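Chemist: The following block contains the structure, expressed as C-alpha coordinates.
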Amino acid sequence: MTVKPIDPQPTPRWPARRLEQLSYQRAWVEVDQGAIAANTRQIRQFLAPSCELMAVVKADAYGHGAVAIASTVLGAGATALGVATIPEGVRLREAGITAPILLLGSIHSPDEVQAIAHWQIQPSLSTPKQALICAEALDRLGQSLPVHLKLDTGMSRLGAPWQTAVEFLQLVHGLPSLQLASLYSHFATADSPDRAPLQQQHAAFEQAIAQIQAEGLPVPKLHIANSAATLLDSSLHYDQVRVGLALYGLYPAPHLGDRLSLYPALSVKARVTHVTTLPAGQGVSYGHRYVTQRETPIAVVGIGYADGVPRALSNQMEVLYRGQRLPQIGAITMDQMMIDISAMPQLAPGDVVTLLGRSGSEQITADDWADRANTISWEILCGFKDRLPRFAVAADWSSNQVTVRS
Ligand SMILES: *Cc1c(COP(=O)(O)O)cnc(C)c1O
(Lines give C-alpha, C1' and ligand atoms only; values in the text may rest on other atoms or scores of the structure.)
Protein backbone atom coordinates (compact mmCIF):
# COMPACT_ATOMS: atom_id res chain seq x y z
CA MET A 1 0.00 0.00 0.00
CA THR A 2 1.35 3.42 -0.82
CA VAL A 3 0.53 6.22 1.49
CA LYS A 4 0.03 9.51 -0.20
CA PRO A 5 1.53 12.32 1.83
CA ILE A 6 -0.80 15.07 2.79
CA ASP A 7 0.19 18.17 0.89
CA PRO A 8 1.47 20.47 3.64
CA GLN A 9 0.42 23.54 1.68
CA PRO A 10 -2.60 22.80 -0.47
CA THR A 11 -3.07 25.31 -3.25
CA PRO A 12 -5.76 27.66 -2.00
CA ARG A 13 -8.64 28.11 -4.39
CA TRP A 14 -9.18 31.45 -2.87
CA PRO A 15 -6.25 33.85 -3.14
CA ALA A 16 -4.16 33.59 0.03
CA ARG A 17 -4.30 37.31 0.69
CA ARG A 18 -8.04 37.32 0.66
CA LEU A 19 -8.05 34.35 3.01
CA GLU A 20 -5.91 36.38 5.38
CA GLN A 21 -8.32 39.26 5.16
CA LEU A 22 -11.14 36.86 5.92
CA SER A 23 -9.45 35.54 9.04
CA TYR A 24 -9.01 39.14 10.11
CA GLN A 25 -12.78 39.14 10.34
CA ARG A 26 -12.77 36.87 13.36
CA ALA A 27 -9.79 37.02 15.69
CA TRP A 28 -6.08 37.76 15.49
CA VAL A 29 -2.85 38.42 17.33
CA GLU A 30 -1.04 41.74 17.10
CA VAL A 31 2.67 41.82 17.83
CA ASP A 32 4.26 45.15 18.65
CA GLN A 33 7.77 44.90 17.21
CA GLY A 34 8.58 48.28 18.79
CA ALA A 35 7.95 46.81 22.22
CA ILE A 36 10.18 43.82 21.40
CA ALA A 37 12.97 46.14 20.27
CA ALA A 38 12.60 48.34 23.36
CA ASN A 39 12.66 45.31 25.67
CA THR A 40 15.74 43.96 23.89
CA ARG A 41 17.56 47.28 24.20
CA GLN A 42 16.75 47.50 27.90
CA ILE A 43 18.03 44.00 28.57
CA ARG A 44 21.13 44.72 26.48
CA GLN A 45 21.82 47.84 28.60
CA PHE A 46 21.36 45.80 31.75
CA LEU A 47 24.30 43.53 30.76
CA ALA A 48 28.01 44.22 30.89
CA PRO A 49 29.31 45.19 27.42
CA SER A 50 31.25 41.91 27.19
CA CYS A 51 28.17 39.78 27.96
CA GLU A 52 26.26 38.58 24.90
CA LEU A 53 22.50 38.41 24.63
CA MET A 54 21.05 35.23 23.17
CA ALA A 55 17.38 35.68 22.31
CA VAL A 56 15.40 32.50 22.90
CA VAL A 57 12.90 32.24 20.05
CA LYS A 58 11.73 28.65 20.49
CA ALA A 59 8.04 27.77 20.08
CA ASP A 60 7.67 30.35 17.32
CA ALA A 61 9.13 33.01 19.60
CA TYR A 62 6.68 32.17 22.38
CA GLY A 63 3.79 32.59 19.95
CA HIS A 64 5.01 35.95 18.60
CA GLY A 65 6.30 34.72 15.23
CA ALA A 66 9.94 33.58 15.20
CA VAL A 67 11.17 35.09 11.94
CA ALA A 68 9.95 38.63 12.60
CA ILE A 69 11.04 38.49 16.23
CA ALA A 70 14.50 37.19 15.31
CA SER A 71 15.04 40.10 12.92
CA THR A 72 13.85 42.61 15.50
CA VAL A 73 15.96 41.33 18.40
CA LEU A 74 19.07 40.98 16.25
CA GLY A 75 18.60 44.60 15.19
CA ALA A 76 18.28 45.68 18.83
CA GLY A 77 21.33 44.08 20.41
CA ALA A 78 20.90 40.31 20.53
CA THR A 79 23.74 38.43 18.83
CA ALA A 80 22.55 34.82 18.92
CA LEU A 81 19.30 32.87 18.85
CA GLY A 82 18.09 29.83 20.77
CA VAL A 83 15.59 27.31 19.39
CA ALA A 84 14.20 24.03 20.71
CA THR A 85 13.95 21.96 17.52
CA ILE A 86 15.78 21.60 14.23
CA PRO A 87 12.80 22.77 12.10
CA GLU A 88 12.59 25.90 14.24
CA GLY A 89 16.20 26.65 13.36
CA VAL A 90 15.73 25.80 9.68
CA ARG A 91 12.81 28.22 9.40
CA LEU A 92 15.07 31.03 10.57
CA ARG A 93 17.81 30.08 8.12
CA GLU A 94 15.31 29.82 5.27
CA ALA A 95 14.21 33.34 6.11
CA GLY A 96 17.80 34.49 5.61
CA ILE A 97 18.84 34.87 9.24
CA THR A 98 22.58 34.30 9.59
CA ALA A 99 23.16 34.80 13.34
CA PRO A 100 24.44 31.82 15.38
CA ILE A 101 21.58 29.50 16.33
CA LEU A 102 21.84 27.22 19.36
CA LEU A 103 19.66 24.13 19.39
CA LEU A 104 18.57 23.78 23.02
CA GLY A 105 16.98 20.37 22.44
CA SER A 106 19.00 17.22 21.94
CA ILE A 107 20.11 15.32 18.85
CA HIS A 108 20.63 11.59 18.52
CA SER A 109 20.94 10.54 14.88
CA PRO A 110 23.38 11.12 12.02
CA ASP A 111 20.39 12.41 10.03
CA GLU A 112 19.91 15.20 12.49
CA VAL A 113 23.62 16.03 12.42
CA GLN A 114 23.50 16.25 8.62
CA ALA A 115 20.60 18.65 8.83
CA ILE A 116 22.18 20.93 11.42
CA ALA A 117 25.53 20.86 9.62
CA HIS A 118 23.80 21.88 6.41
CA TRP A 119 21.91 24.70 8.07
CA GLN A 120 24.72 25.71 10.44
CA ILE A 121 22.69 25.14 13.59
CA GLN A 122 24.81 24.53 16.68
CA PRO A 123 23.88 21.52 18.82
CA SER A 124 23.79 21.07 22.58
CA LEU A 125 25.56 17.90 23.68
CA SER A 126 24.63 16.21 26.96
CA THR A 127 26.37 12.84 26.64
CA PRO A 128 29.63 11.42 25.29
CA LYS A 129 27.52 9.27 22.97
CA GLN A 130 25.94 12.35 21.41
CA ALA A 131 29.39 13.87 20.96
CA LEU A 132 30.61 10.73 19.19
CA ILE A 133 27.55 10.49 16.90
CA CYS A 134 27.97 14.15 16.04
CA ALA A 135 31.72 13.89 15.38
CA GLU A 136 31.37 10.76 13.27
CA ALA A 137 28.62 12.23 11.09
CA LEU A 138 30.60 15.46 10.65
CA ASP A 139 33.77 13.51 9.76
CA ARG A 140 31.82 11.73 7.05
CA LEU A 141 30.67 15.09 5.72
CA GLY A 142 34.17 16.51 6.01
CA GLN A 143 32.73 19.38 8.09
CA SER A 144 33.14 20.78 11.55
CA LEU A 145 30.56 22.51 13.70
CA PRO A 146 30.53 24.65 16.85
CA VAL A 147 29.01 22.61 19.70
CA HIS A 148 27.81 23.51 23.19
CA LEU A 149 28.28 21.20 26.14
CA LYS A 150 25.40 21.12 28.52
CA LEU A 151 25.85 20.32 32.22
CA ASP A 152 23.10 19.29 34.58
CA THR A 153 23.64 21.26 37.79
CA GLY A 154 20.22 20.50 39.29
CA MET A 155 17.52 21.03 36.68
CA SER A 156 17.49 17.25 36.12
CA ARG A 157 16.60 17.64 32.47
CA LEU A 158 19.30 17.63 29.78
CA GLY A 159 23.00 17.78 30.50
CA ALA A 160 25.92 15.68 31.64
CA PRO A 161 26.31 15.44 35.43
CA TRP A 162 28.36 18.53 36.35
CA GLN A 163 30.89 16.33 38.16
CA THR A 164 31.88 14.86 34.78
CA ALA A 165 32.61 18.22 33.11
CA VAL A 166 36.38 17.62 32.78
CA GLU A 167 36.06 14.17 31.14
CA PHE A 168 33.33 15.46 28.84
CA LEU A 169 35.43 18.44 27.78
CA GLN A 170 38.49 16.25 27.22
CA LEU A 171 36.48 13.89 25.04
CA VAL A 172 35.25 16.78 22.90
CA HIS A 173 38.75 18.27 22.67
CA GLY A 174 39.84 14.97 21.14
CA LEU A 175 37.21 15.20 18.38
CA PRO A 176 38.52 17.75 15.87
CA SER A 177 35.23 18.12 13.98
CA LEU A 178 33.64 19.51 17.15
CA GLN A 179 34.54 23.11 17.92
CA LEU A 180 33.83 23.72 21.58
CA ALA A 181 31.75 26.91 21.51
CA SER A 182 30.42 27.00 25.08
CA LEU A 183 29.74 25.20 28.31
CA TYR A 184 26.35 25.86 29.82
CA SER A 185 23.69 24.88 32.30
CA HIS A 186 20.11 25.82 33.15
CA PHE A 187 18.41 26.89 36.38
CA ALA A 188 15.33 25.16 37.76
CA THR A 189 14.23 27.76 40.31
CA ALA A 190 15.59 31.16 39.22
CA ASP A 191 12.10 32.69 39.47
CA SER A 192 11.57 31.52 43.06
CA PRO A 193 12.01 33.88 46.02
CA ASP A 194 13.82 31.00 47.77
CA ARG A 195 17.36 31.39 46.49
CA ALA A 196 18.87 28.27 48.08
CA PRO A 197 18.40 25.80 45.18
CA LEU A 198 19.68 28.39 42.69
CA GLN A 199 22.74 28.99 44.85
CA GLN A 200 23.41 25.25 44.88
CA GLN A 201 23.22 25.08 41.10
CA HIS A 202 25.44 28.15 40.80
CA ALA A 203 27.98 26.57 43.14
CA ALA A 204 27.95 23.33 41.13
CA PHE A 205 28.57 25.30 37.91
CA GLU A 206 31.43 27.18 39.60
CA GLN A 207 32.93 23.92 40.83
CA ALA A 208 32.84 22.43 37.36
CA ILE A 209 34.64 25.54 36.04
CA ALA A 210 37.24 25.29 38.82
CA GLN A 211 37.89 21.64 37.94
CA ILE A 212 38.40 22.56 34.29
CA GLN A 213 40.87 25.26 35.30
CA ALA A 214 42.65 22.88 37.66
CA GLU A 215 43.20 20.48 34.75
CA GLY A 216 44.80 23.32 32.80
CA LEU A 217 42.09 23.15 30.16
CA PRO A 218 40.93 26.35 28.48
CA VAL A 219 37.63 27.54 29.91
CA PRO A 220 35.11 27.94 27.11
CA LYS A 221 32.42 30.59 26.88
CA LEU A 222 30.01 30.11 29.82
CA HIS A 223 26.28 30.71 30.26
CA ILE A 224 23.55 29.69 32.68
CA ALA A 225 21.02 32.54 33.02
CA ASN A 226 17.45 32.52 31.69
CA SER A 227 15.27 35.64 32.04
CA ALA A 228 14.80 35.20 35.78
CA ALA A 229 18.49 34.68 36.56
CA THR A 230 19.39 37.57 34.25
CA LEU A 231 17.11 39.93 36.17
CA LEU A 232 18.08 38.47 39.54
CA ASP A 233 21.82 38.84 39.75
CA SER A 234 24.57 40.00 37.39
CA SER A 235 26.97 37.44 38.87
CA LEU A 236 24.93 34.85 36.95
CA HIS A 237 25.43 36.53 33.57
CA TYR A 238 28.88 35.03 32.70
CA ASP A 239 29.67 35.47 28.96
CA GLN A 240 26.11 35.27 27.67
CA VAL A 241 22.53 35.21 28.91
CA ARG A 242 19.72 33.24 27.27
CA VAL A 243 16.62 35.39 27.54
CA GLY A 244 13.15 34.40 26.39
CA LEU A 245 10.19 35.64 28.41
CA ALA A 246 11.55 39.10 29.27
CA LEU A 247 12.05 39.94 25.58
CA TYR A 248 8.33 39.48 25.11
CA GLY A 249 7.66 41.98 27.88
CA LEU A 250 6.75 39.75 30.81
CA TYR A 251 8.46 39.24 34.13
CA PRO A 252 9.32 35.70 35.27
CA ALA A 253 8.03 36.54 38.77
CA PRO A 254 6.50 39.55 40.52
CA HIS A 255 9.55 40.08 42.74
CA LEU A 256 11.71 40.52 39.60
CA GLY A 257 9.48 43.26 38.23
CA ASP A 258 11.40 46.29 39.49
CA ARG A 259 14.54 46.03 37.38
CA LEU A 260 13.33 47.06 33.93
CA SER A 261 10.19 48.56 32.41
CA LEU A 262 9.18 45.84 30.00
CA TYR A 263 6.33 46.22 27.53
CA PRO A 264 4.14 43.21 26.70
CA ALA A 265 4.30 42.89 22.92
CA LEU A 266 1.41 40.57 22.18
CA SER A 267 -2.25 41.54 22.01
CA VAL A 268 -5.17 39.30 21.18
CA LYS A 269 -8.26 40.77 19.57
CA ALA A 270 -11.51 39.32 18.33
CA ARG A 271 -14.71 40.53 16.80
CA VAL A 272 -18.23 40.40 18.10
CA THR A 273 -20.15 38.06 15.80
CA HIS A 274 -23.63 38.22 17.31
CA VAL A 275 -25.56 40.08 20.00
CA THR A 276 -28.74 39.17 21.79
CA THR A 277 -30.57 39.78 25.05
CA LEU A 278 -31.25 36.90 27.41
CA PRO A 279 -34.05 36.79 30.00
CA ALA A 280 -33.32 36.33 33.69
CA GLY A 281 -32.62 32.72 34.70
CA GLN A 282 -31.20 31.71 31.30
CA GLY A 283 -28.25 29.30 31.20
CA VAL A 284 -25.33 30.22 28.93
CA SER A 285 -23.06 27.91 26.89
CA TYR A 286 -22.21 24.23 27.40
CA GLY A 287 -23.25 22.87 30.76
CA HIS A 288 -25.08 26.11 31.59
CA ARG A 289 -22.23 26.97 33.94
CA TYR A 290 -23.50 30.54 33.99
CA VAL A 291 -27.11 31.51 34.58
CA THR A 292 -28.28 35.11 34.11
CA GLN A 293 -29.44 36.86 37.28
CA ARG A 294 -31.47 39.43 35.33
CA GLU A 295 -32.23 40.30 31.77
CA THR A 296 -28.76 40.45 30.20
CA PRO A 297 -27.51 41.72 26.85
CA ILE A 298 -24.73 39.43 25.66
CA ALA A 299 -22.34 39.31 22.74
CA VAL A 300 -20.78 36.28 21.09
CA VAL A 301 -17.05 36.77 20.34
CA GLY A 302 -15.35 34.72 17.62
CA ILE A 303 -12.49 33.20 19.55
CA GLY A 304 -12.23 30.08 21.70
CA TYR A 305 -9.95 27.50 23.22
CA ALA A 306 -8.81 26.18 19.83
CA ASP A 307 -7.27 29.60 19.29
CA GLY A 308 -5.34 29.52 22.56
CA VAL A 309 -7.73 31.01 25.12
CA PRO A 310 -7.56 28.49 27.99
CA ARG A 311 -10.93 26.91 28.69
CA ALA A 312 -9.98 27.13 32.37
CA LEU A 313 -10.69 30.87 32.09
CA SER A 314 -14.42 30.21 31.59
CA ASN A 315 -16.37 32.62 33.83
CA GLN A 316 -12.99 33.95 35.04
CA MET A 317 -11.85 36.41 32.41
CA GLU A 318 -12.80 39.76 31.00
CA VAL A 319 -12.39 41.48 27.66
CA LEU A 320 -11.81 45.17 27.04
CA TYR A 321 -13.83 47.50 24.88
CA ARG A 322 -13.12 51.23 24.83
CA GLY A 323 -11.36 51.03 28.17
CA GLN A 324 -14.24 49.14 29.79
CA ARG A 325 -14.01 45.63 31.25
CA LEU A 326 -16.73 43.22 30.13
CA PRO A 327 -17.02 39.86 31.92
CA GLN A 328 -16.88 36.63 29.95
CA ILE A 329 -19.76 34.31 30.88
CA GLY A 330 -20.37 30.58 30.50
CA ALA A 331 -18.00 27.90 29.26
CA ILE A 332 -15.50 29.06 26.66
CA THR A 333 -16.17 26.90 23.60
CA MET A 334 -13.76 25.72 20.92
CA ASP A 335 -14.26 28.69 18.62
CA GLN A 336 -16.46 31.18 20.45
CA MET A 337 -17.24 32.68 23.82
CA MET A 338 -19.95 34.86 25.30
CA ILE A 339 -19.57 38.16 27.14
CA ASP A 340 -21.96 40.19 29.26
CA ILE A 341 -22.28 43.59 27.58
CA SER A 342 -24.53 45.26 30.17
CA ALA A 343 -21.90 48.01 30.51
CA MET A 344 -21.68 48.49 26.72
CA PRO A 345 -25.07 47.55 25.29
CA GLN A 346 -24.28 49.38 22.04
CA LEU A 347 -21.75 46.69 21.08
CA ALA A 348 -22.59 45.31 17.63
CA PRO A 349 -21.36 42.56 15.31
CA GLY A 350 -18.02 43.58 13.80
CA ASP A 351 -16.87 45.51 16.87
CA VAL A 352 -13.43 44.48 18.11
CA VAL A 353 -12.76 43.52 21.71
CA THR A 354 -9.33 43.11 23.30
CA LEU A 355 -8.67 39.88 25.18
CA LEU A 356 -5.01 40.53 25.93
CA GLY A 357 -3.48 43.97 25.67
CA ARG A 358 -4.48 47.54 26.34
CA SER A 359 -7.64 49.53 25.84
CA GLY A 360 -7.82 53.02 27.24
CA SER A 361 -6.20 52.92 30.65
CA GLU A 362 -7.03 49.25 31.15
CA GLN A 363 -4.68 46.38 30.42
CA ILE A 364 -4.99 42.60 30.57
CA THR A 365 -1.72 40.64 30.55
CA ALA A 366 -0.70 37.02 30.10
CA ASP A 367 0.08 37.08 33.83
CA ASP A 368 -3.57 37.90 34.61
CA TRP A 369 -4.65 34.88 32.58
CA ALA A 370 -1.94 32.65 34.02
CA ASP A 371 -2.95 33.51 37.60
CA ARG A 372 -6.59 32.72 36.93
CA ALA A 373 -5.96 29.58 34.86
CA ASN A 374 -3.42 28.29 37.39
CA THR A 375 -0.57 28.20 34.90
CA ILE A 376 2.40 30.37 33.85
CA SER A 377 2.61 33.21 31.33
CA TRP A 378 5.01 31.16 29.16
CA GLU A 379 2.24 28.61 28.52
CA ILE A 380 -0.34 31.32 27.79
CA LEU A 381 1.92 32.97 25.19
CA CYS A 382 2.85 29.82 23.32
CA GLY A 383 -0.79 28.73 23.30
CA PHE A 384 -1.64 31.02 20.37
CA LYS A 385 -1.52 28.83 17.33
CA ASP A 386 -1.66 29.19 13.57
CA ARG A 387 -5.41 29.68 13.41
CA LEU A 388 -4.95 33.21 14.66
CA PRO A 389 -3.29 35.32 11.99
CA ARG A 390 -0.53 37.51 13.31
CA PHE A 391 -0.15 41.17 12.46
CA ALA A 392 2.81 43.39 13.16
CA VAL A 393 1.90 46.71 14.69
CA ALA A 394 4.39 49.49 15.06
CA ALA A 395 3.91 51.48 18.21
CA ASP A 396 6.76 53.96 18.46
CA TRP A 397 8.74 53.32 21.59
CA SER A 398 11.82 55.19 20.37
CA SER A 399 10.70 58.45 21.96
CA ASN A 400 10.26 56.70 25.30
CA GLN A 401 13.27 57.35 27.44
CA VAL A 402 14.28 53.83 28.40
CA THR A 403 15.12 53.82 32.06
CA VAL A 404 17.11 51.03 33.61
CA ARG A 405 16.65 50.78 37.33
CA SER A 406 19.19 48.52 38.95
C1 LIG B 1 13.50 28.31 27.27
C2 LIG B 1 14.89 28.37 27.73
C3 LIG B 1 15.47 29.61 28.08
C4 LIG B 1 14.68 30.89 28.16
O5 LIG B 1 13.90 30.90 29.33
P6 LIG B 1 13.05 32.19 29.80
O7 LIG B 1 12.64 31.86 31.17
O8 LIG B 1 11.90 32.30 28.87
O9 LIG B 1 13.98 33.35 29.71
C10 LIG B 1 16.83 29.62 28.39
N11 LIG B 1 17.55 28.47 28.37
C12 LIG B 1 17.02 27.27 28.07
C13 LIG B 1 17.88 26.07 28.10
C14 LIG B 1 15.68 27.18 27.76
O15 LIG B 1 15.14 25.98 27.49
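The values are calculated or read from the model by the stated rules, or taken from the named source; none is laboratory data. Keep in mind the model is a prediction, meaning the values are calculated, not measured. Cβ: placed from backbone, ideal geometry, glycine included. Neighbour counts: every protein chain shown. For accessibility, only protein heavy atoms count, side chains too; no ligands or nucleic acids. Shrake-Rupley method; radii C 1.70, N 1.55, O 1.52, S 1.80 Å.
Chemist: Filter the chymotrypsin sites (Phe, Trp or Tyr not before Pro) in segment 259-362 down to the DSSP loop ones having no more than 16 other Cβ atoms within 10 Å, then list what survives. Mind dumping the intermediate values first?
Modeler: Values: sites: 286, 290, 305, 321; in loops: none.
For chymotrypsin sites (Phe, Trp or Tyr not before Pro) across segment 259-362 that sit outside H, G, I, E and B with at most 16 neighbouring Cβ atoms in 10 Å, the list is empty.
Chemist: Normalized C-alpha radius of gyration of segment 266-388, against 2.2 N^0.38 Å? If you can, show how the numbers build up before the last one.
Modeler: Numbers: Rg = 13.5 Å, N = 123, 2.2 N^0.38 = 13.7 Å.
Here the answer is 0.99, to two decimals.
Chemist: Using a 1.4 angstrom probe on heavy atoms only, work out the carbon and sulfur share of the accessible area of the chain in %. The partial results should precede the final answer.
Modeler: Values: 9700 of 18680 Å².
Answer for the chain: carbon and sulfur cover 52 percent of the accessible area.
Chemist: Treat each spin label as a single point 7 Å out from the Cα along the C-beta direction, and report the residue 295 to residue 173 distance in nm.
Modeler: Output for this residue pair reads 8.4 nm.
Chemist: Also: Binning every alpha carbon pair distance of the chain at 10 Å from zero, what are the percents per bin?
Modeler: 5, 20, 26, 23, 16, 8, 3, 0, 0
Chemist: Could you tell me which of the pairs 58/385; 129/150; 58/269; 129/221 are separated by over 18 angstrom between their Cα atoms in the structure shown? Kindly include the intermediate steps, with their values, before the conclusion.
Modeler: Values: 58/385 14 Å; 129/150 13 Å; 58/269 23 Å; 129/221 22 Å.
From the list (58/385; 129/150; 58/269; 129/221), the Cα-Cα distance tops 18 Å for 58/269; 129/221.
Chemist: With a cut-off of at most 12 other beta carbons within 10 Å, and DSSP calling the residue loop, which trypsin sites (Lys or Arg not before Pro) in segment 287-341 qualify? Please list them. Walk me through the intermediate numbers first.
Modeler: On the way: sites: 289, 294, 311, 322, 325; in loops: 289, 294, 322.
Answer in residue order: 294.
Chemist: State the Cα centre-to-centre distance between segment 284-319 and segment 154-228 in whole Å.
Modeler: 47 Å
Chemist: Relative to the compact globular guide of 2.2 N^0.38 Å, what is the alpha carbon radius of gyration of segment 111-174, as a ratio? It would help to have the intermediate numbers written out before the result.
Modeler: Working: Rg = 12.0 Å, N = 64, 2.2 N^0.38 = 10.7 Å.
My calculation over the Cα atoms of segment 111-174 gives 1.13.
Chemist: Also, quick follow-up: Could you work out the helix-only [θ] at 222 nm for the chain, with each DSSP H run of four or more residues adding -39,500 (n - 2.57) and the total divided by the number of residues, to the nearest 500 deg cm²/dmol?
Modeler: Values: 12 runs with 118 residues, N = 406.
Result for the chain, helices only: -8500 deg cm²/dmol.
Chemist: Right, here's the next one. Can you give me the distance in nm between label points at residue 374 and residue 217, each placed 7 Å from the Cα along the Cα-to-Cβ direction?
Modeler: 4.5 nm
Chemist: Quick check: from the Cα gyration tensor, does segment 114-246 come out rounded (a/c under 1.5), prolate or oblate? Could you put the intermediate results ahead of the total?
Modeler: Values: a/c = 2.28, a/b = 1.63, b/c = 1.40.
It comes out prolate by the Cα gyration axes.
Chemist: Going by average Cβ neighbours within 10 Å, how do the peptides 78-84, 370-376 rank, with the highest at the top? Don't jump to the answer; show the numbers that get you there.
Modeler: Numbers: 78-84: 21.1, 370-376: 15.0.
Listed from highest to lowest mean packing, they are 78-84, 370-376.
Chemist: Among bridges DSSP assigns within the chain, what percent are antiparallel (round to 5)? Present the calculation step by step, with values, prior to reporting the outcome.
Modeler: Values: 31 of 61 bridges.
Here the share of antiparallel DSSP bridges comes out near 50 percent.
Chemist: Calculate the spin-label point distance for residue 45 paired with residue 200, positioning each point 7 Å from the Cα along the beta-carbon direction, and give it in nanometres.
Modeler: 3.8 nm
Chemist: Quick one: plug the Kirkwood hydrodynamic radius of segment 62-180 (C-alpha pairs) into Stokes-Einstein at 10 °C, 1.306 mPa s, and report D in µm²/s.
Modeler: Numbers: Rh = 14.9 Å.
Estimated via Stokes-Einstein, D reaches 107 µm²/s.
Chemist: Could you pull the Rg and Dmax for segment 33-256, using just the Cα atoms, both in Å?
Modeler: 16.9, 51
Chemist: Using a 1.4 angstrom probe with every protein chain in place, what is the largest-first accessible-area order of 129, 150, 385, 221? Could the numbers behind the result be given before it?
Modeler: Working: 129 145, 150 10, 385 115, 221 60 Å².
Highest to lowest solvent-accessible surface, that is 129, 385, 221, 150.
Chemist: How high is the FRET efficiency from residue 25 to residue 325, r the C-beta distance, R0 30 Å, rounded to 0.05? List each step's numbers first, then the result.
Modeler: Numbers: r = 24 Å, r/R0 = 0.81.
About 0.80, to the nearest 0.05.
Chemist: Where only protein heavy atoms count, and the probe is 1.4 Å, what is the accessible area per residue for the chain in Å²?
Modeler: About 46 Å² of surface per residue is accessible.
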